[in-house]
Amino acid sequence: MLNLHLPSAVGAWLSRFTSPGGIRSTDLGDTVVRWPPTAARVLASAERHAYKCIAHALALEHPKGFLLAHVPLHKLVRVPAHSYREWLSRTGLLTVDFALCDEHGVVRSVVLMPMADDQARHLRKRERLLRVLAATELTVTPWEREWQSDAAAQLRDRLFPKLRGPGYYADTPHAH
């Protein structure tokens, strides 16, 4: 009988001699050896500019607040425990670009960057994300590049458009 696995065996034998560092077959199961990790840039250029602007606006509304980037949806919202596993299977890969939290870590507003490509799959994911966020009554703001030149107070009003009437609470410092 003809051994059809001969080319792969010869290829594996040759790769032992040509691979950097001589990776052994015992190392093939090691994730770090097979895929050497390096540090990556987390935010793209547009996201870094948006982050700086949003951070200034957040500081006006919640001086001790947190600005988080690329937050999974399941970290932002709560759903009934009896259906959590099914909900997570449907929404587990959805993320928001920026979550603006108060000093207690409670999400107060969400910012979404414009989508780069118009693939149908990405559009469906964005629609699903928006549907879930709308049900939470969180403020969802699509980022617009022109806002980079706006004053922080103007951007704050866009990101936190809730009425500031009686009973409104913000983490603003009080004068003594």
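Couplings 3J(HN,Hα) for the range 54-70, derived from phi with the Karplus relation 6.51 cos²θ - 1.76 cosθ + 1.60 (θ = phi - 60°), are 5, 4, 5, 5, 5, 4, 6, 7, 9, x, 9, x, 10, 10, 10, 10, 6 Hz, where x marks Gly and Pro.
When peptides 103-114, 74-85 are sorted by average Cβ neighbour count within 10 Å, with the highest value leading, the order is 103-114, 74-85. Full extension of the chain between THR136 and LEU123 yields a length gain of 2.7 nm, computed as 0.36 nm times the residue separation minus the alpha carbon distance. Extension gain for HIS104 to VAL77 (0.36 nm times residue separation, less C-alpha to C-alpha distance): 8.2 nm. Note that the range 35-46 has calculated 3J(HN,Hα) couplings of 10, x, x, 9, 5, 10, 7, 7, 10, 6, 4, 4 Hz, one per residue in order, obtained from phi through the Karplus relation 6.51 cos²θ - 1.76 cosθ + 1.60 (θ = phi - 60°); glycine and proline are x. Taking amide H as placed 1.01 Å from N in the peptide plane, THR95 has its amide H under 5 Å from the amide H of LEU73, each at least 5 places away in sequence or on another chain. Residues whose amide H lies under 5 Å from that of ARG108, counting only those 5 or more places away or on a different chain, are LEU100, CYS101, ASP102; hydrogens are built 1.01 Å from N in the peptide plane. For the listed peptides 46-53, 119-126, a ranking on the average number of other beta carbons within 10 Å per residue, highest first, reads 46-53, 119-126.
Estimated at 0.36 nm per residue, the fully extended path between ARG85 and ARG34 surpasses their Cα-Cα distance by 15.2 nm.
Distance between the modelled labels on LEU93 and HIS70, one decimal in nanometres: 1.5 nm (7 Å Cα→Cβ projection).
A short reminder: the numbers here are calculations on the coordinates, not readings from a lab. Everything quoted here is computed from the prediction, not taken from an experiment. Backbone-built Cβ (ideal geometry, glycine too); neighbour counts: all protein chains shown.
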